[in-house]
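A short write-up of the structure that comes next.
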Amino acid sequence: MIFRSRAFLKFTSSSLKGAQFSTSTAASQAKSRFQPYAQKLAGAFEPATYWASVGKELFQQIYHSQKMANPSKAHSPFLFWKSQSSETWGRNFYLSVELLGIFCVGQMVGRRKVTSYGH
């Protein structure tokens, strides 16, 4: 087999040594290229955290001054889905199918043909 020959092993070991040298060179080049961007990102981190804490404090002041409270179960969106009768669900389904049909007809008129655009 080719993998067992000594010449192949010498070739691969010598090529790996060159690859390690080029990898470290590439890493240093990448570091020098992206270091200014990393510094800008680090410089933007401090103002972002400052304004996040300012926003948090402002929200807390508004929350307490307006005497806001957590949403109760009466305002839960799940109660809306449970409170719908089957007649209402049927009417809403009919209206959504009708709107979908009107949209599809509008698409056909806009394309000026019934089939799709066709590439």
- Item | ³J(HN,Hα) computed for each position of the stretch 91-102 - Karplus, 6.51 cos²θ - 1.76 cosθ + 1.60, integer Hz, glycine/proline x | 5, 5, 5, 4, 5, 5, 5, 5, 5, 4, x, 5
- Item | Directionally averaged shadow of the stretch 79-119, computed from the convex hull of its alpha-carbon atoms, nm² | 4.2 nm²
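Each value in this text was obtained by applying a stated rule to the coordinates, not by laboratory testing. It should be emphasised that the depicted structure is a prediction, and the values quoted were computed from it without experimental measurement.
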